[in-house]
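This report refers to the structure that appears directly beneath it.
Read-outs throughout are calculated quantities, based only on the coordinates presented, and are distinct from any laboratory measurement. Just so it is clear, the model here is predicted, and its values are computed rather than measured. Note: ideal-geometry Cβ built from the backbone for every residue, glycine included; neighbour counts use all protein chains shown.
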């Protein structure tokens with residue numbers, strides 16, 4: 001159990017376009033999901049906490065208008081990178097925190113974004 | 001956000017050797033997790049620790065939750081080539097659900 005999927009696994013887009021990344025918990029419900037960003041050979045940096053039915057909580061320095069998060073159901077959170085620029089190219093990883101079960105988060109496989 | 005200090009940054013060891021890495025924080029945490037990440041993939045949970053002083057094993061892996069609640073270590077015994085990867089610690093404080101990650105330890109096992 002505790003499988004998290006992400007879609008797409010990789011995406012290439014032109015500068016100025018918006019890209020939506022989906023994070024789904026497949027076999028459990030998740031009131032809380034997290035979005036991370038990872039640069040090559042670097043650690044995971046928490047971007048925001050996605051809360052089902054309410055606004056996301058963003059970490060300091062993360063632009064909420066740039067990285068739109070929607071957590072419309074207990075199994076789906078989306079991250080939209082708006083007006084993407086080359087510096088937004090990165091590996092984006094989500095994780096899901098099972099509702100009412102344990103205290104461990106489970107990660108998706110990640111989405112590689114390349115902005116040209 | 002916070003980032004935890006993890007050491008060493010990288011390790012090159014012979015197959016069969018034991019490995020030890022640790023993670024420290026300036027803040028108190030109530031949960032410590034250890035993950036392994038292969039290139040281009042998401043992290044995979046190895047061990048979860050929930051109590052200060054707790055020592056937990058998962059096969060050849062052993063991790064401990066430091067009694068000060070500001071550190072944790074991970075040991076890998078009798079390393080094998082498939083242990084190669086980047087190991088991350090992650091900690092969660094008692095003030096929220098967020099987990100913050102260590103800087104990572106890159107492990108290379110030489111056959």
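The figures follow:
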| quantity | calculated |
| --- | --- |
| Residue list for the stretch A:24-38, filter: surrounded by fewer than 19 Cβ atoms within 10 Å (Cβ to Cβ) and under 15 Å from residue B:42 (Cβ atoms) | A:26 |
| Tally, over the stretch B:1-57, of residues that are at the interface with another protein chain (Cβ under 8 Å from one of its Cβ atoms) and in a loop (DSSP other than H, G, I, E, B) | 7 |
| Residues satisfying the stated conditions in the stretch A:96-116, i.e. more than 8 Å from chain B (Cβ to nearest Cβ) and over 13 Å from residue B:45 (Cβ atoms) | A:99, A:100, A:101, A:111, A:113, A:114, A:115, A:116 |
| Positions within the stretch A:72-90 being surrounded by fewer than 22 Cβ atoms within 10 Å (Cβ to Cβ) and either facing chain B (nearest Cβ under 8 Å) or in a strand (DSSP E or B) (or both), in sequence order | A:72, A:73, A:76, A:78, A:80, A:90 |
| Scope the stretch B:78-111; condition touching a helix residue (DSSP H, G or I) at 6+ places or on another chain (Cβ under 6 Å) and surrounded by fewer than 16 Cβ atoms within 10 Å (Cβ to Cβ); matching residues | B:111 |
| Residues that are touching a strand residue (DSSP E or B) at 6+ places or on another chain (Cβ under 7 Å) and surrounded by fewer than 13 Cβ atoms within 10 Å (Cβ to Cβ), drawn from the stretch B:11-39 | B:12, B:14, B:15, B:18, B:38 |
| Out of A:93, A:69, sole residue that is more than 8 Å from chain B (Cβ to nearest Cβ) and surrounded by 21 or more Cβ atoms within 10 Å (Cβ to Cβ) | A:69 |
| Positions within the stretch A:8-23 being touching a residue at least 60 places away in the same chain (Cβ under 8 Å) and either within 12 Å of residue A:71 (Cα to Cα) or surrounded by 16 or more Cβ atoms within 10 Å (Cβ to Cβ) (or both), in sequence order | A:11, A:13, A:19, A:21, A:23 |
| Residue A:49 being in a strand (DSSP E or B), closer than 21 Å to residue B:100 by Cα, within 11 Å of chain B (Cβ to nearest Cβ) and in contact with a strand residue (DSSP E or B) (Cβ under 8 Å, 6 or more places away or on another chain) | yes |
| Top-ranked residue of the stretch B:94-111 - restricted to ones that are touching a strand residue (DSSP E or B) at 6+ places or on another chain (Cβ under 8 Å) and more than 12 Å from chain A (Cβ to nearest Cβ), ranked as farthest from residue A:94 (Cα to Cα) | B:110 |
